[in-house]
Structure formats: C-alpha cells, structure tokens
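No value in this document is a laboratory result; all are computed from the given coordinates. Not measured: the values here are computed from a predicted model. With ideal geometry, Cβ positions are generated from the backbone for all residues, glycine too; neighbour counts draw on all protein chains shown.
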C-alpha cells in the first residue's frame with residue numbers, strides 16, 4: 001500500500017536499493033541556500049558564494065599604544081607597478097587605481113627601512129577610465145610614461161612589472177599629513 005499524501009505536501013521520498021533501476025534525485029532546499037541576514041556568520045556555516053568572516057583581529061602589540069609611522073619623504077622615486085584595476089568613484093566615474101611599490105633599495109638614506117621592509121606601497125587613483133577626449137589624452141600620457149602598449153583596448157594586467165618615476169608629495173587629509181603620488185613620469 002502506497003503512503004497517503006496530504007494535499008499541498010511534498011511527495012514522499014523512497015529509499016533506493018541496490019536493485020532499483022531509477023534513483024531518487026534530491027534537490028536542495030532553496031530556503032537553506034539563501035544568505036543569512038546576520039553580518040557575522042559562524043565558522044560552521046560557510047556558504048558557497050561567500051567566505052566566512054573572521055570577527056577577531058589580533059595584533060602583535062596593543063593598538064592603544066600604537067604610534068604613527070613617519071611619512072615617506074617627498075621626492076621622486078623609481079617604482080614598479082604591482083597592480084592596476086578599474087574602479088568606480090562615489091559619483092559614478094570610472095578610473096584606474098594603479099598600485100606602485102618603491103623597492104627598499106630606492107629609499108632615501110634618511111628613511112628607516114623597518115617602516116616598510118617589503119617596499120613602500122602607494123596607489124595612484126587619478127587616472128580616468130572614461131571614454132572622452134580628455135581621459136583618452138591622459139591615458140595616452142600615462143601609458144607613454146610607463147612604456148605600455150597603446151591601442152583602442154588596454155589590458156591593465158600588461159602594466160604589472162612596468163616601472164615609472166613617481167613624485168611623492170605630502171597632503172592633508174582629515175587633519176593628518178599623508179603621502180600621495182602627485183605625478184607619474186618616465187623612469188628613463
């Protein structure tokens with residue numbers, strides 16, 4: 001006798017045996033696949049599309065006694081491009097964020113390498129990626145400076161490893177001085 005089916009209920013599942021020809025295909029519960037509304041997920045509940053966030057940060061020293069590191073001296077330095085990606089500003093304008101790294105061998109003698117032992121990293125974020133006359137001219141000048149190939153299509157990954165001379169200046173931001181790339185020029 002077949003099991004009784006209530007109206008509106010899911011069909012009953014049958015157990016497959018080794019002698020069965022057809023196998024029952026289980027479909028995932030769509031409710032169980034929806035992301036939780038909690039901003040913090042338990043390590044026991046990772047999802048396929050999101051990694052589990054760590055909610056505990058650990059530092060080698062107490063941040064209550066942390067001091068501001070010295071500014072990298074203003075001046076011109078040879079730097080290597082380590083990253084480049086298109087981004088969108090808060091106003092919806094497209095630009096390219098170019099990450100430069102100054103090798104410790106290129107540090108000025110008055111800068112202690114312990115503050116950036118793996119190289120000083122700075123990001124240039126003033127290169128427009130819009131398709132207009134002014135932006136195309138700025139892109140041409142930038143590509144010339146770094147020695148990049150130019151055409152109607154630019155592969156940002158091809159910039160990785162190229163070098164340029166960057167000009168570092170100090171600017172005020174939220175009542176603190178910070179380093180900023182003022183200009184990018186040819187390394188030669």
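Simple spin-label model, 7 Å along Cα-to-Cβ: residue 171 to residue 115 in nm?
2.0
Would you kindly give the portion of the calculated P(r) for segment 71-185 that falls above 21 Å, as a percent of all Cα pairs? Present the calculation step by step, with values, prior to reporting the outcome.
On the way: 2562 of 6555 pairs.
When every Cα pair of segment 71-185 is considered, 39 percent fall beyond 21 Å.
What is the order of 137, 159, fewest Cβ neighbours within 10 Å to most?
If I rank by nearby Cβ atoms, fewest first, I get 137, 159.
Subtracting the Cα-Cα distance from 0.36 nm times the residue separation, let me have the gained length for residue 178 to residue 90 in nm, one decimal. Can you show the working numbers first?
Values: separation 88, 0.36 × 88 = 31.68 nm, distance 2.13 nm.
Going from the current span to full extension adds 29.5 nm.
Given labels modelled 7 Å from the Cα in the Cβ direction, how far is it in nm from residue 57 to residue 151?
For residue 57 paired with residue 151, the spin-label model returns 4.4 nm.
Extending each Cα 7 Å along its Cβ direction at residue 67 and residue 134, get the distance between those two points in nm, one decimal.
4.4
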